[in-house]
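A quick write-up on the structure given underneath.
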Ligand SMILES: NC(=O)c1ccc[n+]([C@@H]2O[C@H](COP(=O)([O-])OP(=O)(O)OC[C@H]3O[C@@H](n4cnc5c(N)ncnc54)[C@H](O)[C@@H]3O)[C@@H](O)[C@H]2O)c1
Ligand SMILES: O=c1ccn([C@@H]2O[C@H](COP(=O)(O)OP(=O)(O)O[C@H]3O[C@H](CO)[C@@H](O)[C@H](O)[C@H]3O)[C@@H](O)[C@H]2O)c(=O)[nH]1
C-alpha cells in the first residue's frame, strides 16, 4: 500500500513519520509546494521542533518515508491521500474574520482529481468546517473521469510539544465515512493502518459530519476550560483566593478532572481560536445566534486575559512603560515547541509596544526573524503557507532579540514570563535581580516561579490569579 500526504507541516510531518515507523509495510510520501520546507525535512535540521521527532524521521526516512515536492507523482501513485494543508481564517469577503478559508484544500482536491488514474481514498486531516467532505466530494466526482473517490474525515488531535507521544498513544483515533458499502470499506482500510499500533477499542468510527464536528467541539471544550479558569483567575486576584488552589480543588471532582485547568496569560496556538471562530460562523450560518454567542465568549475572555496582563504590567510600573526595558522570557505559545502561531506573546508585546516599551526577547526555540515577522504581520496572515507570508517585514525597532535570559533581563525594569519553558524555573534570580533597575518587577504569566522566594530577593511579583503583592494592591484596578 502507498500513502501520500499533501502538506508537510506540524500535522502532516509528524503524523506520517509515525505511520511510516509503525507500518513498515506501507510506503509513505509527504509532499508540499514549499521547496524550503521539503528540503528541511530531508536535512538534519527538521523544519519543526518536536521532542522525539528527529529519531522517528531518522529511522524511516529513505526506507518507507519520503519527503518530496513532486506532488502530482506521489498523489497519482497513492492508494490513500491525506490532505493536511492550511485552513486559515478568511481575511476578506463573506465570513471574513471567522469562516475557514478553504482555498488550499480546494486546490489540493482539484489537483487530486486532475492527476489520478486509479481509485483513491481521500482523507481530511486538516481541521475543516462541517460538511467540507461533501463539498470536496462534489469537486472530486465532477472532475473524476470515471475514477472513484471515497472521502473520509480523520481529524488529528495531537498537541504540539507532545505530538510524538500523542501519536504513539492516542486517546482515540476518529474516522468518519459515508454509511454505504463503499464508505464502510474505505473506513475499514484506514482503520487497518492505525490498527498496526492503536488498540481497536480506541479507533472510533462515525458518520462524516460527526467526525468533522467532533474535532471543532473537542477544541472548543478544551479552550473553554482554559477561559473558565482564566475568568476565575481575575476573581481570585480581586478576592485574595489562589487560582492554583481553586483549580486543584475543582479538578479533584472526578466528573471535572484535573487536566487543562492551568491559569495563564491566555491560550495560543494555531488551532483554538481559529477552530472556535469557525464553529461560531457555522452556528450563525445555521441560524443559531445564541449558540454562536456562547462560544464567542471563550475567545472574548482569552482576549480579556491578555489585555488584563498588559494592564497589570503598565499600571504596576507607575502607569507607564515608555522607554523602559522589559524582558520577555518565552515567545512560543507553549513550551517544547518553536511555534508562535497566535501566541499570547504577540498580543502582550504589541500591547507593551503600544505603551512605548523597549522589549528584549528570549525564547530557546524562536528566531529573531520569526519574532519580527510575528510582530509586524496582519491578523490571520500567519496561517497561510510559509512561502506566501511576507519575506522581509519592516523591523520593529523597539524590539531586540537575544539568545540568553540573563542578557534579556540585564538593566531591565521588568520581566514578563510568557512561556513555561523548564529552563526559566531554574534561573538564578538573585543574579538577575542584581543586574536590573529597581524596583525590579516579575510578571509571571504562567505561574512557574516561586513568588515568595523572588519577593525575598527583592522583586515585586505578579502571578496570574494569586493573592496580590501589597505593591500591586495600591495600584489602580485594571481590566
Ligand atoms: N498544528 C497542530 O497542532 C494541528 C493539530 C490538529 C489539526 N491541525 C490542522 O491541520 C491542518 C494543517 O495544520 P499544520 O499546523 O500542519 O499547518 P502548516 O502550515 O504547518 O502546514 C500546512 C502545509 O500545507 C502546505 N500546502 C498548502 N497548500 C498546499 C497544496 N495545495 N499542495 C501541497 N502543499 C500545500 C503548506 O505549504 C504547509 O507546509 C490545519 O487544518 C490545522 O487546523 C493542526
Ligand atoms: O491548562 C492549560 C492548558 C493549556 N493552556 C494553553 O493553551 C494553548 C494550547 O495548548 P495545547 O492544547 O496543549 O496545544 P495545541 O498544540 O494547540 O493543541 C490543541 O490544538 C490541537 C489542534 O487542533 C489539537 O489537536 C489538540 O488536541 C489541542 O490540545 C497553549 O497556549 C497553552 O499554554 C493553558 O493556558 N492552560
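Quick note: the coordinates plus some simple rules give every number you see, no bench work behind them. Being a predicted model, the structure only gives us computed values, none of them experimental. Every residue, glycine among them, receives a Cβ derived from its backbone with ideal geometry; neighbour counts consider all protein chains shown.
In square nanometres, what is one fourth of the surface area of the convex hull spanned by the alpha carbons of region 273-355?
Details: hull surface 26.8 nm².
If I average the Cα hull's projected area over directions, I get 6.7 nm².
Just need the relative contact order of the chain here, percent rounded to a whole number, with Cα pairs under 8 Å and 6+ apart.
13
Compute the normalised compactness of region 209-258: alpha-carbon radius of gyration over 2.2 N^0.38 Å, N being the residue count.
Rg over 2.2 N^0.38 Å, computed on Cα atoms: 1.42.
Would you mind estimating how fast region 72-141 diffuses translationally, via Stokes-Einstein at 20 °C and 1.002 mPa s with the Kirkwood radius over Cα pairs, in µm²/s?
In µm²/s, the coefficient rounds to 168.
Checking a compactness column here: for the chain, what do you get for Rg(Cα) / (2.2 N^0.38 Å), N being the number of residues?
Taking N as the residue count of the chain, the ratio is 1.03.
How big, on average over all directions, is the shadow cast by the Cα convex hull of region 360-448, in nm²? If you can, show how the numbers build up before the last one.
On the way: hull surface 26.8 nm².
The Cα convex hull of region 360-448, projected and averaged over all directions, gives 6.7 nm².
Grab every C-alpha pair in region 243-463, bin the distances at 10 angstrom width from 0 up to the longest one, and report whole percents.
Values per bin, smallest distances first: 8, 31, 35, 19, 7, 1.
For the chain, what does -39500 (n - 2.57) per DSSP helix run (n ≥ 4), summed and divided by total residues, give at 222 nm, in deg cm²/dmol to the nearest 500?
The helix-only estimate for the chain comes to -13000 deg cm²/dmol at 222 nm.
With the calculation restricted to Cα positions, what are the radius of gyration and Dmax of region 1-68 in angstrom?
For region 1-68, the Cα radius of gyration and maximum Cα-Cα distance read 10.5, 29 Å.
If neighbour count is taken as other Cβ atoms inside 10 Å, put 125, 58, 252 in order from fewest to most.
252, 58, 125
Just to compare against my own numbers: the Cα pair-distance distribution for region 2-198, 10 Å bins, whole % per bin, please.
9, 37, 38, 15, 1
Any chance you could give the angle, 0 to 90 degrees and rounded to 10, that helix 132-142 forms with the longest Cα principal axis of the chain?
Tilt relative to the chain: about 30 degrees.
Can you give the Rg/Rh ratio of region 385-426, where Rg is from the C-alpha atoms and Rh is the Kirkwood radius?
In region 385-426, Rg relative to Rh is 1.09.
Against the empirical 2.2 N^0.38 Å scaling, what ratio does the C-alpha Rg of region 55-109 come to? Mind showing how you got there, number by number?
Details: Rg = 15.9 Å, N = 55, 2.2 N^0.38 = 10.1 Å.
Compared with the compact-globule rule of thumb, region 55-109 sits at 1.57.
When the scattering of region 166-214 is computed by the Debye formula from its Cα atoms alone, each counted once and equally, what is log10 I(q)/I(0) at q = 0.24, 0.31 Å⁻¹?
So the normalised log intensities are -0.88, -1.17.
On a 0 to 90° scale, report how tilted helix 208-239 is relative to the longest principal axis of the chain, with both axes built from alpha carbons and the result rounded to the nearest 10.
With both axes taken from Cα atoms, the answer is about 10 degrees.
Could you work out how far the C-alpha centroid of region 262-276 sits from that of region 185-235, in angstrom?
So the separation of the two Cα centres works out to 17 Å.
At what distance in angstrom do the alpha carbon centres of region 54-80 and region 348-393 lie from each other?
If we compute the Cα centre of each part, the gap is 32 Å.
Any chance you could get the radius of gyration and Dmax over the Cα atoms of region 224-285, in Å?
14.0, 43
Need one number for region 111-178: average projected area of the convex hull over its C-alpha atoms, nm². Kindly include the intermediate steps, with their values, before the conclusion.
Values: hull surface 22.4 nm².
For region 111-178, averaging the hull's shadow over all directions gives 5.6 nm².
Can you put 178, 110 in order, fewest other beta carbons within 10 Å first? Provide the component values of the computation, followed by the final result.
On the way: 178 18, 110 15.
With the fewest neighbours first, 178, 110 line up as 110, 178.
What's the whole-number percent of alpha carbon pairs in region 412-479 lying beyond 19 angstrom?
28
Percent of Cα-Cα pairs more than 17 Å apart in region 167-278, please.
Everything past 17 Å amounts to 67 percent.
Listing 428, 336, 303 from the residue with the fewest other Cβ atoms within 10 Å to the one with the most, what is the order?
On the way: 428 10, 336 20, 303 14.
Starting with the residue having the fewest Cβ neighbours, the order is 428, 303, 336.
Quick one: helix 344-354 against the long Cα principal axis of the chain, what's the angle to the nearest 10°, folded into 0 to 90?
50
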